[in-house]
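Working notes, beginning with the structure itself.
The values are calculated or read from the model by the stated rules, or taken from the named source; none is laboratory data. Small disclaimer: the values here were computed from a predicted structure and weren't measured. Counting neighbours? That spans all protein chains shown, and the Cβs are built from the backbone with ideal geometry, glycine included. The protein model used for the area step is the full one, side chains on, heavy atoms only, and it has no ligands, DNA or RNA in it. Shrake-Rupley method; radii C 1.70, N 1.55, O 1.52, S 1.80 Å.
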Amino acid sequence: MDDKKEETAASTSVPAADVPPAAEAAAVVESAPAVEHRPSRGPRGGGGGGGGGGGRGGRGRGRGGERRDDRGGRDNDGMVENVVAINRVAKVVKGGRRFSFNALVAVGDGKGNVGIATGKANEVSEAVRKAVEAARRKMTEVPLTGGTIPHEIIGKHGAGRVLLKPAASGTGVIAGGPVRAVLECAGIRDILTKSLGSTNPHNMVRATLDGLKRLTTARRVARERGVELDAIHYRARQESVVTHG
């Protein structure tokens with residue numbers, strides 16, 4: 001028994017010469033490559049929650065969809081093009097949903113001619129291009145007196161009602177986004193407006209165009225009645241200002 005214990009002790013003992021000093025052991029630990037600790041990824045499929053944030057289906061700006069703020073107009077051969085609204089729509093098919101874009105555009109020459117139209121495509125730029133081409137083909141002439149309209153009128157389309165009122169020179173275009181886009185394309189510089197019905201951009205734009213189409217002038221009324229211009233007692237706002245000034 002004593003011989004076996006001595007053999008076991010001899011086999012487990014390590015010579016003192018083979019044990020490295022404390023400084024050498026610390027250097028070996030520092031030189032060892034560091035192990036990178038990565039945070040746990042969590043349950044599968046739970047990542048990617050930080051992007052988007054567009055709410056339902058990723059649509060921007062609520063009901064109106066994504067909109068572009070280039071209402072200042074782009075000049076192409078003297079024409080002014082205003083993008084009124086861009087809306088993303090989806091068609092449900094067997095394999096899922098197919099997304100496309102609707103663009104509402106107003107086009108005018110700034111001299112009394114204006115037109116509106118819509119375009120639909122899979123890309124925003126293509127939808128705007130289609131709408132611009134359609135609006136150019138449907139231009140309407142608007143009678144102007146100076147930089148405003150001849151008389152007050154209410155345009156209607158569906159649930160949309162827009163009041164258009166002539167203003168004195170220097171007033172500016174007092175109108176909201178959709179109505180302003182149409183009036184700027186028509187070349188109107190002074191006007192007062194008020195939306196009295198639906199705030200849907202399509203209804204507001206078409207109501208504005210309806211009011212502009214039904215405008216007339218004192219000279220035209222006198223010609224239709226077969227009387228002299230002086231027999232028409234109504235005078236346009238800016239004409240009366242110029243006369244008395």
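There is at least one residue in the stretch 114-126 that is touching a residue at least 24 places away in the same chain (Cβ under 8 Å), open to solvent by 60 Å² or more (accessible area, probe 1.4 Å) and touching a Leu at 6+ places or on another chain (Cβ under 8 Å). For the stretch 140-154, the tally of residues that are crowded, with 18+ Cβ neighbours inside 10 Å and within 30 Å of the chain's Cα centre (by Cα) stands at 6. For the residues Arg206, Arg180, the requirement of being crowded, with 19+ Cβ neighbours inside 10 Å, over 13 Å from Asn82 (Cβ atoms) and charged (D, E, K, R) singles out Arg206.
Counting only helices (runs of 4 or more DSSP H) that fall entirely inside the stretch 141-240 and contain at least 1 residues that are free of Cβ contacts under 8 Å to residues at least 60 places away in the same chain and more than 22 Å from Asn113 (Cβ to Cβ), the qualifying elements are 201-213, 218-225. Just checking, does the stretch 222-230 include any residue being at pLDDT 90 or above and more than 29 Å from Met79 (Cα to Cα)? No - not one qualifying residue is present in the stretch 222-230. Scanning the stretch 118-139 for residues that are in contact with a strand residue (DSSP E or B) (Cβ under 6 Å, 6 or more places away or on another chain) and outside any helix (DSSP H, G or I) returns Thr118, Gly119, Lys120, Asn122, Lys138, Met139.
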